[in-house]
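The next block holds one structure in the form of structure tokens; read it before the comments.
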Amino acid sequence: MPVPRPLPLSAALATVFAAAIALPAHGQSLIELYDAARGFDATYQGARAQYDANLARAAQAKAGILPAVGLSANATATHQELSTDTLSLNRGIPTQAAGINATQPLYRPANWAVWEQSKRQLGIAEDTLKIAEQDLVVRVSQAYFDVLSSQDSLALVRAQKIGVAEQLASAKRNFEVGTSTITDTREAQARYDLVLAQEIAAENDLQVKKIVLDQLVGRTGTQPIPLAAPVALPPVQPADINAWVTQADDIHPAIDQARLGLEVAKLEVEKAQAGHKPTLDAQLGYNVTNNPNGSTTSTTTGKVRVNAASIALVFNMPLFAGFATENRVKETLALEENSRQTLESTRRSVSQATRSAYLGLISGAGQVKALEAAEASSQSALDANRLGYQVGVRINIDVLNSQAQLFQTKRDLAVARYNVLVGNLKLRQANGTLSADDLQAINDTLAIGGRASVQSEASPTQPSAATQSPVPVPPASLPRPGTSAVPVVPPVVTPPFNPQPPAMPVPPPPPVIEQLPQR
């Protein structure tokens, strides 16, 4: 009796594809979800609030070089007892006073150093916000493709479950007709149970990844749009690692922060050294004093009003402060050296991170090409094992192993492609050139606006284009173009097993016992 022929892998995938065709096409692009996260993410919003605070703090430093104007007013009541040889007074003297005074620093080196520091600190605040924006771009992209990767894993596990179920049914039928052993059924059943466990884990992982993306963008039920087919990964430009490192040294926000931090430390030294220098201020004032019942300096009881305008130059020269200024200068010089070493360390870290990101991206692109070839080879191996199982030269476990290898290769291929897309952004983040505009190149690889895709929407019921080889491989069980059909291999004739019945053993004769003579 001929062995039932299992369905090809394309039929198993078509089964899960049909489940999603009837679903409405909807989804969000990467740029759309990034815009949503920009207005919702708490980490980024906190960075913007900190930036606004830094702006206000930097503006405060300008007060040290601008005039200070104050308006004052007071009212007092004085009880005076005055006794002389000829006069004795006991009276209350009310006094009202008001005035406006202004002070303009003319020479204050410490205040000018603080003003220059505020300019550098404003640049540091801008770099901090830029780092937060780059981090948001990478976090959204990573969460976006994590969801797509989990969807692909779940869809591939379900497709594998269909293939294993068909192999299990085939093994049971073959056992029933006596063309295979119970071992094939047990192996297929074990593999089916394992795939069920993998499906449960994949479903849980998808739910977790969706929760992460939803919380990041402030939406519920997000559906990332999958990659378009054929998958076109953006190239690495420029293709020179030294160019990326050089660019990072010029414009990386972390290096710029360290560079500005060194300038702030130098100005801190100048501010400490200003403790030895004099200060000069200009003061202007206009004050009015009114005594309705006379003043305390006169014995008259008539009304006294004094209008006084003043202008002054105030000079102050520090002479000795208990060695506080000298030690403050030593402290700031040590802090300046610390900032210089921080700058050098930051440059080295950025250079190392840029080189690692570049090499990782190049390695990832190479892995994609290798996995595409491995997928084609795994598909051919599966088809060959199925054909061999049909003609009796392969066993059930060979087919099951080939299926597992093919689906694992598809999962690895999808993950590698997503890693390359995110790796492009991480490389730009590593060298400090990443911006929201760089998302456009990644967004162009998505199936937006009717572009071809393996699936009509982002759905866990079918794998996306990221799991597909760019060149489909014809099944081995079908004739390839330009070749003849695969010949049918006749089954091996096995002679019937008719052993001869065993011969029963004959018991040996009893031993002869001789009698001894009597004495």
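The values are calculated or read from the model by the stated rules, or taken from the named source; none is laboratory data. As the structure is a computational prediction, the values presented were derived from the model and not from experiment. Every residue, glycine among them, receives a Cβ derived from its backbone with ideal geometry; neighbour counts consider all protein chains shown. To get the accessible areas, we keep the full protein, side chains included, count just its heavy atoms, and leave off ligands, DNA and RNA. Shrake-Rupley method; radii C 1.70, N 1.55, O 1.52, S 1.80 Å.
Evaluation of Glu126 against the conditions (1) touching a strand residue (DSSP E or B) at 6+ places or on another chain (Cβ under 7 Å); (2) open to solvent by 30 Å² or more (accessible area, probe 1.4 Å) shows that the sole unmet condition is (1).
I need the full set of residues from region 37-47 which are in a helix (DSSP H, G or I) and surrounded by fewer than 17 Cβ atoms within 10 Å (Cβ to Cβ), in order please. If the condition is that a residue be in a helix (DSSP H, G or I) and surrounded by fewer than 17 Cβ atoms within 10 Å (Cβ to Cβ), then Ala42, Thr43, Gln45, Gly46 are the ones that fit.
Only one of Ala59, Ala98, Ala75 is among the small types (Gly, Ala, Ser), out of contact with any Cys (no Cβ under 9 Å at 6 or more places or on another chain), over 30 Å from Glu268 (Cβ atoms) and in contact (Cβ under 8 Å) with a residue 24 or more places away in the chain. Can you tell me which? Before the answer, list the steps.
Working: Ala59 fails: over 30 Å from Glu268 (Cβ atoms); Ala75 fails: in contact (Cβ under 8 Å) with a residue 24 or more places away in the chain.
Criteria check complete, one pass: Ala98.
You will find that of Gln117, Gln134, the residue that is open to solvent by less than 50 Å² (accessible area, probe 1.4 Å) and closer than 19 Å to Phe40 by Cβ is Gln134 and no other. With respect to the conditions (1) free of Cβ contacts under 8 Å to residues at least 60 places away in the same chain; (2) within 30 Å of Leu267 (Cβ to Cβ); (3) open to solvent by 50 Å² or more (accessible area, probe 1.4 Å); (4) part of a strand (DSSP E or B), Leu106 falls short on a single one, namely (1). Of the residues that make up region 86-96, is at least one polar (S, T, N, Q), in contact with a His (Cβ under 9 Å, 6 or more places away or on another chain), farther than 30 Å from Gln257 by Cβ and not in a helix (DSSP H, G or I)? Scanning region 86-96, I find at least one residue that is polar (S, T, N, Q), in contact with a His (Cβ under 9 Å, 6 or more places away or on another chain), farther than 30 Å from Gln257 by Cβ and not in a helix (DSSP H, G or I), so the answer is yes. Would you say Ser141 is assigned to a helix (DSSP H, G or I), in contact with a helix residue (DSSP H, G or I) (Cβ under 7 Å, 6 or more places away or on another chain), over 30 Å from Leu216 (Cβ atoms) and open to solvent by less than 30 Å² (accessible area, probe 1.4 Å)? No; evaluated as a whole, the condition is false for this residue.
Within region 304-344, can you find the residues that are of a type in the set (Ser, Thr, Tyr) and either in contact (Cβ under 8 Å) with a residue 60 or more places away in the chain or assigned to a strand (DSSP E or B) (or both)? Steps first, answer last, please.
Of region 304-344, the ones of a type in the set (Ser, Thr, Tyr) are 310, 325, 332, 339, 342.
Those that are of a type in the set (Ser, Thr, Tyr) and either in contact (Cβ under 8 Å) with a residue 60 or more places away in the chain or assigned to a strand (DSSP E or B) (or both): Ser310, Thr332, Ser339, Thr342.
For region 171-181, how many residues are in contact with a helix residue (DSSP H, G or I) (Cβ under 8 Å, 6 or more places away or on another chain) and either among the hydroxyl-bearing types (Ser, Thr, Tyr) or open to solvent by 70 Å² or more (accessible area, probe 1.4 Å) (or both)? Counting residues in region 171-181 that are in contact with a helix residue (DSSP H, G or I) (Cβ under 8 Å, 6 or more places away or on another chain) and either among the hydroxyl-bearing types (Ser, Thr, Tyr) or open to solvent by 70 Å² or more (accessible area, probe 1.4 Å) (or both) gives 4.
Here are Asp383, Asp438: which of them is assigned to a helix (DSSP H, G or I) and over 22 Å from the mean Cα position of the chain (by Cα)?
Numbers: Asp438 fails: over 22 Å from the mean Cα position of the chain (by Cα).
It is Asp383.
Just one of the numbered conditions (1) of a type in the set (S, T, N, Q); (2) part of a strand (DSSP E or B); (3) at pLDDT 85 or above is not true of Gln50: (2). Mind checking whether some residue in region 367-386 is under 28 Å from His252 (Cβ atoms) and either open to solvent by 60 Å² or more (accessible area, probe 1.4 Å) or aromatic (Phe, Trp, Tyr) (or both)? Yes, region 367-386 contains a residue that is under 28 Å from His252 (Cβ atoms) and either open to solvent by 60 Å² or more (accessible area, probe 1.4 Å) or aromatic (Phe, Trp, Tyr) (or both). Cβ separations smaller than 9 Å between residues 6+ apart or across chains give the following pairs from region 204-225 residues that are farther than 15 Å from Gly39 by Cβ and in contact (Cβ under 8 Å) with a residue 40 or more places away in the chain to residues that are of a type in the set (Lys, Arg) and surrounded by fewer than 20 Cβ atoms within 10 Å (Cβ to Cβ): Leu213/Arg219. Just checking, does region 65-74 include any residue being within 30 Å of Arg139 (Cβ to Cβ), hydrophobic (A, V, I, L, M, F, W, C) and touching a helix residue (DSSP H, G or I) at 6+ places or on another chain (Cβ under 7 Å)? Checked against the condition, which is being within 30 Å of Arg139 (Cβ to Cβ), hydrophobic (A, V, I, L, M, F, W, C) and touching a helix residue (DSSP H, G or I) at 6+ places or on another chain (Cβ under 7 Å), region 65-74 yields no hits at all.
A count restricted to region 387-417 and to residues that are open to solvent by 50 Å² or more (accessible area, probe 1.4 Å) and of a type in the set (Gly, Ala, Ser) stands at 1.
Taken over region 64-97, residues that are open to solvent by 70 Å² or more (accessible area, probe 1.4 Å) and under 27 Å from Ala113 (Cα atoms) amount to 3.
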